[in-house]
Amino acid sequence: MSLIKSASDFQKPNGQIVRYALAGPFPSIASTVAVAEALRGAVLSAFHAKSGTRDSFLLSGHHADGRPDSDHRHAYYLPKPDKSGRIRELLIVSPRDRFSEAELAALESVKALRWNGPSARTGLELLDTDDHSDSRLASSWVSLTPYVPVRRFWGTHGKHHLTPEKQISTEIRTAEPEIMIEEIMTKRWGEARVRVATTSTTKLPRTPVRQTAYLVKFRTGHPVCGPIALGHSCHFGLGLFVPAPDA
């Protein structure tokens, strides 16, 4: 689930990051998941148009037989808001593998995005197909988009091992056991729309599912390598972290 790497990955980078700029209008941070879903849909449509197939493991997150990727090696679709809370850039991050020529051709052909019906349309400018500006080392990280715990925490009457702080710590150390967490601070952000996966036997709910979200800052004992995405719907932009200003 998590996108986080140890400092050694900074010296031997792998994977690939594609960066876009939005031409405007600029969606609100509240539309993070909707924008990410729209970007994924546009990319998969472009890949189908270019190749005649939808069988892209990295772009879809599904194996050729339809099984979902349980190791989370597929792409993360990450909207990046500015300080005003408006999404200005989009990242597509393949955490471990390079995109194929056919996948890159599809990524390069996406020129526009609709995230909330025909009236919500913005142009896209491809900035870089091999971006490294977010591959940074830092010990202090702060959430750029709201973090939603993978498992719901119901407050003071809930199970204490499900507090957001403990879930973040567990998630990071499960992904990279050598990372030591020194401090985690959380503050309730509000309700955020989350991504709801479907199967052949399930349907999407009629209204978007929303869960409690948090602003988070954490510090590690040693620098770790970004980009970092944690928590529920992190493949769709939630729980995106950037180095803290004091990092």
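Nothing in this text is a laboratory measurement; each read-out follows from the coordinates by a stated rule. Small disclaimer: the values here were computed from a predicted structure and weren't measured. Positions of Cβ are backbone-derived with ideal geometry, glycine not excepted, and every protein chain shown enters the neighbour counts.
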For Lys217 and Asn14, extending 7 Å from Cα along the Cα-Cβ vector and measuring point to point gives, in nm, a value of 3.4 nm
Applying the gyration tensor rule to the Cα atoms of segment 23-67 (axes a ≥ b ≥ c; rounded if a/c under 1.5, else prolate if a/b exceeds b/c, else oblate), the class is oblate
Which residues qualify? For Asp128, with a placed amide H closer than 5 Å and at least 5 residues away or on another chain, they are Arg19
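Within the set of other residues whose C-beta is less than 15 Å from the C-beta of Ala120, count the net charge using Lys and Arg as +1 and Asp and Glu as -1.
Around Ala120, the surrounding residues sum to +3.
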Across Ala102, Ala138, Ala34, the residue with the highest GNM fluctuation in the chain (Cα network, 10 Å cutoff) is Ala102
Which of Ala197, Ala46, Ala75 fluctuates most in a GNM of the chain (C-alpha springs under 10 Å)? That residue is Ala197
Expressed in nanometres to one decimal, the distance between label points 7 Å along Cα→Cβ at Ser133 and Arg73 is 3.0 nm
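Given +1 on the Cβ of Lys and Arg, -1 on the Cβ of Asp and Glu, and no further charges, what dipole in debye does segment 1-142 carry about its Cα centre, rounded to the nearest 20?
Result for segment 1-142 is approximately 360 debye, rounded to the nearest 20.
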Taking placed amide H atoms and a strict 5 Å upper bound, the residues 5 or more places from His72 or on another chain that come that close are none
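Based on the Cβ-Cβ distance of Glu125 and Glu178, what FRET efficiency does E = 1/(1 + (r/R0)^6) give at R0 = 30 Å, to the nearest 0.05?
My answer for the efficiency is 0.20.
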One checks the Cα atoms of the chain and finds Rg and Dmax, in Å, of 17.5, 52
Which of Leu215, Leu127, Leu22 fluctuates most in a GNM of the chain (C-alpha springs under 10 Å)? That residue is Leu127
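Give, in nm to one decimal, the length gained when the segment between Asp246 and Lys83 is fully stretched (0.36 nm per residue of separation minus the Cα-Cα distance).
This chain segment gains 57.1 nm when fully extended.
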Rg (one decimal) and Dmax (whole number) from the Cα set of segment 13-128, in Å, equal 13.8, 43
Dividing the helical contributions, -39500 (n - 2.57) per DSSP H run of n ≥ 4, by the residues of the chain yields a 222 nm value, nearest 500 deg cm²/dmol, of -6000 deg cm²/dmol
